[in-house]
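Below is one structure, written out as structure tokens; the observations come after it.
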2 protein chains.
Amino acid sequence: MLRTNLDFLSFIERFCRENESENISLKSFRPGYRLIEQGDKISNIYIIKEGISKCFISEENGKDFIIEFLGKGEVVGELEALKKIDCLCNVAAISEVTAYVIPDHVFLSLIQKSGEFTTILLQELSTRIIQTSTRASFQQLYTVEYALLKLLQLQANESISLSKDDMAAYLGISVRSFNRSLKQLIEKGNQDTPEFKNMLQTANIKKLVDRLK
Amino acid sequence: MLRTNLDFLSFIERFCRENESENISLKSFRPGYRLIEQGDKISNIYIIKEGISKCFISEENGKDFIIEFLGKGEVVGELEALKKIDCLCNVAAISEVTAYVIPDHVFLSLIQKSGEFTTILLQELSTRIIQTSTRASFQQLYTVEYALLKLLQLQANESISLSKDDMAAYLGISVRSFNRSLKQLIEKGNQDTPEFKNMLQTANIKKLVDRLK
DNA sequence: CATAAAAAAGGACATTTGTCTCGGCGAGAA
DNA sequence: TTCTCGCCGAGACAAATGTCCTTTTTTATG
């Protein structure tokens, strides 16, 4: 859910040290700042060094869908560089974010020159396909309540906590539905519905739920 | 919706001609036959030469979700080979399907040896991410009726016609909901709801709808 | 052609979800 | 302190969806 790719990050950091000439820069972004706007043409790719950002599609009906949360070592803009297309997502910083900004021609030439880089990239793209497909299936075929429970577990595992708006956008539901489901989940946790009770008793999840009241 | 990749196909056909030693074989499968079962370990990848198959996830609650329909030149099993994991989807032939069966070590060594092949593969993976993400967002945030209309248009464009079961599994809904939405769509097409009427008047879509009654 | 068996369609009801709206609560200003 | 503004949660209602079961249609067989 929060993707990271430390291989990517260490590769790039090494590459930067060895190729200071390639005008790769390191930039910082405030929480909320949009690194990338859907529909824009860009000529850089970004690799996140620190912080968390969200990648989301804004549909024409005004609703947003969060594709993924991106952490350390995740890359952004690579699809646009590979396929020479306009940006298909927005990317916004959630926390303070620091990222390497790499001109797309440098990125593309890296693919030509470095087998190691290509391997890392292939792994990254494969992971994305797997995660995106698995999640699409899961969210279409299970109840919201169950998806919410899983989302809380993921946050607990990764020690992050998202805003309600972001969680709703990730689940593809309205905040109203989110609140309703959360309430039901808490009720079931207090009753004796074994499956839910056990899951909700985990210390980390309890904290999260408490924060949400 | 029906993915194809002619670059992939022509690359592989050329490669086969030039490397008959690599024990690549060509196999045919009956409609309904499962080339790949979710959870299996496989040591081949498949590249479709002819026919259409579907790639779908079976969830533990008994429901299926169709990830994509695969046509000429599409590859299957490559994620499993790249990441050394068990199969995450089922793949079943819808029509009569002919496919090249390629041992995974041949596939992996091609990535090492051929820049051209790697480029094609990167393009393919990128396309998958784009399509999967876009569709997940669309299906979560729009009404079923609208998604159904779009699905009919896609079928008309690509001159294929799917079973109701498959369409429902692609949309992530029950057949009951599918029937209901189809009926509503047809009613709106007969009334004067401009947007829908125009879309449904297209000759190809009319044929499709007629077949579904 | 008639009949039985199987498959598909659709009605009824319960549940889920979205939209709209109102009311409570807290932060900041007068 | 009190007032106001804005945000957040939840009630009420309508729409959408799933499940179950009956009805209709199709297919197969004698």
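Of the residues making up the range B:110-154, those that are aromatic (Phe, Trp, Tyr), closer than 30 Å to B:LYS207 by Cβ and in a helix (DSSP H, G or I) number 2. Checking each residue in the range A:134-159 for being more than 20 Å from B:ALA169 (Cα to Cα), crowded, with 20+ Cβ neighbours inside 10 Å and within 11 Å of DNA strand C (Cβ to nearest atom) picks out only A:LEU148. Of A:THR118, A:THR98, which residue is within 7 Å of chain B (Cβ to nearest Cβ) and either touching an Asp or Glu at 6+ places or on another chain (Cβ under 6 Å) or surrounded by fewer than 21 Cβ atoms within 10 Å (Cβ to Cβ) (or both)? The match here is A:THR118.
Set side by side, the residues B:GLU59, B:GLU80, B:GLU74, B:GLU37 differ, and just one is buried (at least 21 other Cβ atoms within 10 Å of the Cβ) and more than 15 Å from the chain's Cα centre (by Cα), which is B:GLU80. Of the numbered criteria (1) touching a Lys or Arg at 6+ places or on another chain (Cβ under 9 Å); (2) β-branched (Val, Ile, Thr); (3) under 28 Å from B:PHE65 (Cβ atoms), the one B:ILE47 fails is (1). You will find that of B:GLN131, B:GLN139, the residue that is of a type in the set (S, T, N, Q) and either away from DNA strand D (no atom under 13 Å from the Cβ) or in contact with a Cys (Cβ under 8 Å, 6 or more places away or on another chain) (or both) is B:GLN131 and no other. When the range A:48-66 is filtered for residues that are part of a strand (DSSP E or B) and touching a residue at least 60 places away in the same chain (Cβ under 8 Å), the ones remaining, listed by number, are A:LYS54, A:PHE56, A:ASP64, A:PHE65, A:ILE66. For the range B:6-13, check the following and say yes or no: at least one residue is in the same structural domain as B:ARG128 (by TED's automatic domain parsing) and under 14 Å from the mean Cα position of the chain (by Cα). Looking through the range B:6-13, none of the residues is in the same structural domain as B:ARG128 (by TED's automatic domain parsing) and under 14 Å from the mean Cα position of the chain (by Cα).
Here's the yes/no breakdown for (1) within 14 Å of A:PHE8 (Cβ to Cβ); (2) facing another protein chain (nearest Cβ under 8 Å); (3) of a type in the set (Lys, Arg):
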| site | (1), (2), (3) |
| --- | --- |
| A:ILE48 | yes, no, no |
| A:LYS54 | no, no, yes |
| A:GLU60 | no, no, no |
| A:ILE66 | no, no, no |
| A:VAL75 | yes, no, no |
| A:GLU80 | no, no, no |
| A:CYS89 | no, yes, no |
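Is it the case that B:ARG180 is within 25 Å of A:LEU82 (Cβ to Cβ), among the charged types (D, E, K, R), assigned to a helix (DSSP H, G or I) and out of contact with any Cys (no Cβ under 6 Å at 6 or more places or on another chain)? No, not satisfied.
Residue count for the range A:20-34 under the criterion of being surrounded by fewer than 13 Cβ atoms within 10 Å (Cβ to Cβ) and assigned to a loop (DSSP other than H, G, I, E, B): the result is 3.
For B:ILE111, are the conditions met, namely being surrounded by fewer than 21 Cβ atoms within 10 Å (Cβ to Cβ) and not assigned by TED's automatic domain parsing to the domain that holds B:PHE178? It is true that B:ILE111 is surrounded by fewer than 21 Cβ atoms within 10 Å (Cβ to Cβ) and not assigned by TED's automatic domain parsing to the domain that holds B:PHE178. Is it fair to say A:GLU124 is assigned by TED's automatic domain parsing to the domain that holds A:GLU20 and surrounded by 18 or more Cβ atoms within 10 Å (Cβ to Cβ)? Criteria met by A:GLU124.
The values are calculated or read from the model by the stated rules, or taken from the named source; none is laboratory data. The model shown is predicted, which means the values in this text are computed figures rather than measured ones. Ideal geometry is used to build each Cβ from the backbone, glycine not excepted, and the neighbour counts take in all protein chains shown.
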